[in-house]
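Please read the structure below before turning to the comments.
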């Protein structure tokens, strides 16, 4: 049971948001009108109680499924090796890209747009998903 008690619609919003990551859709499913859902989702995602509840749900997920970064890396590594054996280089490249993202070596897609929207640039924004990044990753996927 949760330490945080949220009203019904907010709890439903949190649970659905954890599944989809889509604030607007989660707000509609939680019972907010489709017209006000985007602003309601934005407001709720800034709410400290909602943020704490989402963090609690993330922790529950990790604990219940024993899922952490090391497990995700191991699964991606297995996928990478399998893709190379089957000569599916695009899949191997994608697995490598996801590993680099998980390790914090690449910015998330759209990071440059988010950084620009908030008036900041950490120097990494905009590098992910560009042709400049994909070329070195393609070289990594080729067996010697």
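The numbers here are math on the coordinates, done by the rules we state, and not lab data. Worth saying up front: this structure is predicted, and the values here are computed from it rather than measured. We place every Cβ from the backbone using ideal geometry, glycine too, and count neighbours over all the protein chains shown.
Listing for the model above:
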read-out: For 86, 12, order by how many other beta-carbon atoms lie within 10 Å, fewest first; value: 86, 12
read-out: Residues 80, 89, sorted so that the one with the fewest Cβ neighbours within 10 Å comes first; value: 89, 80
read-out: Added length on full extension, which subtracts the Cα-Cα distance from 0.36 nm per residue, residue 86 to residue 19; value: 20.9 nm
read-out: Exposure proxy order (Cβ contacts within 10 Å, fewest to most) of 33, 26; value: 33, 26
read-out: Hydrodynamic radius of segment 8-65 per Kirkwood, over alpha carbon pairs, in Å; value: 11.2 Å
